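The values are calculated or read from the model by the stated rules, or taken from the named source; none is laboratory data. None of these values were measured; they are calculated from a predicted model. Positions of Cβ are generated from backbone atoms using ideal geometry, with glycine treated the same way; all protein chains shown enter the neighbour counts.
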Amino acid sequence: MHNLDQIRENYSIARNHCAKRIVVCAGTGCIANGALKVFDQLKNTIAMKGLDVIVELHHEDHADHDVYISGSGCQGFCQVGPLVTIEPAGILYTHVKPTDAEEIVLQSILEDEVVERLLYHDPTDGTIYHGTHDIPFYAQQSRTALKECGLIDPENIHEYIAQGGYFAARDAFTKMNDTELCQLFMASGLRGRGGGGFSTGLKWDLTRKQINEKKYVVCNGDEGDPGAFMDRSILEGNPHSVVEGMLIAARAIGANEGYVYVRMEYPLACARIRTAIKTATEYGILGDNVFGSGSSFHIQVMEGAGAFVCGEETALLASIEGKRGMPNPKPPFPAESGLFGKPTVINNVETLAMVPIVLRKGVEAFRAVGTEKSPGTKTFALTGHVANTGLIEVPFGTTIRKIVFDIGGGVIDKNGKINNDAFKAVQIGGPSGGCLTREHLDIPLDFDSLTSIGAMVGSGGLVVMNDSTCMVKIAKYFMTFTQHESCGKCVPCREGTRQMLEMLEDITIGEATEETLNLLEETGHVVKLTSLCGLGKSAPSPVLSTLRYFRDEYEAHVKSKYCPTRSCKELTAITINPDLCKGCTLCKRSCPVGAITGDVKHHHTIDPTKCIKCGACIEVCKFKAIF
């Protein structure tokens, strides 16, 4: 067993022997934009300039180095990646390309100067910001679970230990017993970040009380919501925090074995959590006789096949057991009879990453952030029609207004301009969540407030929509997803979601009646009340919430056979603006049904009785006269 105190002290010395450090964001988003090429070019350029460069720093390395360059996990500001940070100056460069490497090395490494063109420029007023300490996107967050994700090398255990990593786990095994741990976490108010919001400490305590020689801790990393990437980013950016959280949970319930269940679509997350487990085992942190306590804890990684339903805990357990991922009725709950029939605790990635933080900070400090019933912070994946997309973390109780207009930088309208008046709605919680409208901008985001208006925190997806968005199509999109992902075990979900999808299809193509809306709503309530698992019960939420807040839009589709946002092509008459039409005849020649008439150099017209709304004319028009 390695000495944590010695590693932390020695690594601090080793770090001080590095004059400067470059951190390249190596999360999935930045890698997709070429971050690894940026990394290689920076490393090669530094070496060519005759500087001593190191790419992996160990706690035993006390030699002097000019530059320490490493990758990190997702730094959050995906909108402006690839990102490169220069320390100790605290400079953040955005949109970095391999061709920028030489200029960065010459100015920021050799001359202590700033490459101004690579700094973040605010798109609204042109203000230039130097680093995360002053960029509004970062400055208005409270990064806690994500704090180390963009700072440390996720594959270097020394960096995690240097930040205080595994000290909380050591205290849990050497200074506390299982009862004390469960009581502390119940007092902390930590609730599950995976969507349910159940008390973490209470879940642990229920499992602790079960008398059984074999118990399991399972990390639920099956993040399947469209637009959600919180768990993936933590596994990629700080996998040791999840391992430590599982260790503490194991101590609390008396488990000696754990599983990390990750969807196989996250290859980088799978690789980094495997590396973290392997390294922690080599250092004696995992394995037999953990911290000299006489207890053992081993972790395995299980890759899921991408079934959304495996995010439901009993379906996830069935998948680990080698069965088809389908939910089972409860009770018994996993705390009583879970994996292989043994008492099991299941927490999601973000929850487990918060566990060591709670233990390090203490109950009072943890509860000082957030709300009384929802203490702490929550990560959200902010996407859609918003200026600043990316991964954010804010205290529970933060409003949608602050997230979208301040941290997010405002709403992008249909013309690509920032225009907050164009805000229409936010879909929160993915396929299991609901829509929040302008009237909800100042409602605090916490478990109970959202439940009261028919929405839910869910895993943390936030999709911002402007006024060009058709809410019927949004409901149809999410229902298409949940119907496709239904495991089919129970009739309400299998057949109910199919019927709801068919009704939504009828609405978008103009074949629905007013009775369709009533039947859609009624079916949604039936599916919600009678489905077997939580995913089935929440599947109608996007439909029911849009029906509740945007019923006039549904009625326009049904009564007037018209889509107000002109998004449903079957309900949108294509017209030609006579002021813009030049009479070039391209549209006339492209129309497959001869619906367009007109002479050369004279404006053309479309016969709505012949038009099949295929959009061919819109595509070929060079003057944007057809819409």
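Brief remarks on what is shown
- Looking only at residues in segment 290-319 that are under 27 Å from the mean Cα position of the chain (by Cα) and part of a loop (DSSP other than H, G, I, E, B), the one that is surrounded by the fewest Cβ atoms within 10 Å (Cβ to Cβ) is Ala305.
- If the condition is being on the phi < 0 side of the Ramachandran plot and in contact with a helix residue (DSSP H, G or I) (Cβ under 9 Å, 6 or more places away or on another chain), then segment 371-382 contributes Thr371, Lys373, Ser374, Pro375, Thr377, Lys378, Thr379, Phe380, Ala381, Leu382.
- Within the span defined as segment 7-17, every residue fails to be surrounded by fewer than 16 Cβ atoms within 10 Å (Cβ to Cβ), among the charged types (D, E, K, R), farther than 19 Å from Gln163 by Cβ and over 34 Å from the mean Cα position of the chain (by Cα).
- Residues that are surrounded by 12 or more Cβ atoms within 10 Å (Cβ to Cβ), farther than 23 Å from Cys563 by Cα and of a type outside the set (Gly, Ala, Ser), drawn from segment 573-601: Leu580, Cys581, Lys582, Cys584, Thr585, Leu586, Cys587, Lys588, Thr597
- Residue selected from segment 445-475 under the condition assigned to a helix (DSSP H, G or I) and β-branched (Val, Ile, Thr), by the criterion farthest from Gly189 (Cα to Cα): Val472
- Among the residues of segment 516-537, the ones that are farther than 23 Å from Asp222 by Cα, surrounded by fewer than 22 Cβ atoms within 10 Å (Cβ to Cβ) and touching a helix residue (DSSP H, G or I) at 6+ places or on another chain (Cβ under 9 Å) come to 9 in all.
- Pairs with Cβ under 6 Å, 6+ apart, first in segment 152-168 and crowded, with 24+ Cβ neighbours inside 10 Å, second part of a loop (DSSP other than H, G, I, E, B) and of a type in the set (Gly, Ala, Ser): Pro154/Gly73
- Test result for Gln210, polar (S, T, N, Q), surrounded by fewer than 21 Cβ atoms within 10 Å (Cβ to Cβ) and in a helix (DSSP H, G or I): no
- Test: Arg360 is part of a helix (DSSP H, G or I) and either basic (Lys, Arg) or outside the structural domain of Gly195 (by TED's automatic domain parsing) (or both): yes
- Residues being in contact (Cβ under 8 Å) with a residue 40 or more places away in the chain, of a type in the set (Asp, Glu) and part of a loop (DSSP other than H, G, I, E, B) - total across segment 213-251: 3
- Scope segment 437-462; condition touching a helix residue (DSSP H, G or I) at 6+ places or on another chain (Cβ under 8 Å) and among the hydrophobic types (A, V, I, L, M, F, W, C); matching residues: Leu441, Ile443, Leu445, Ile453, Ala455, Met456, Val457, Leu462
- Residues satisfying the stated conditions in segment 320-360, i.e. surrounded by fewer than 20 Cβ atoms within 10 Å (Cβ to Cβ) and under 23 Å from Ala228 (Cα atoms): Met326
- Breaking point among (1) surrounded by fewer than 20 Cβ atoms within 10 Å (Cβ to Cβ); (2) part of a loop (DSSP other than H, G, I, E, B), for Gln183: (2)
- Pairs linking a residue in segment 189-207 that is at pLDDT 90 or above to a residue that is aromatic (Phe, Trp, Tyr), with Cβ atoms under 6 Å and 6 or more positions apart or on different chains, are Gly192/Phe198; Thr200/Phe185; Gly201/Phe185.
- Test: residue in segment 418-431 that is buried (at least 16 other Cβ atoms within 10 Å of the Cβ), over 19 Å from the mean Cα position of the chain (by Cα) and assigned to a loop (DSSP other than H, G, I, E, B): yes
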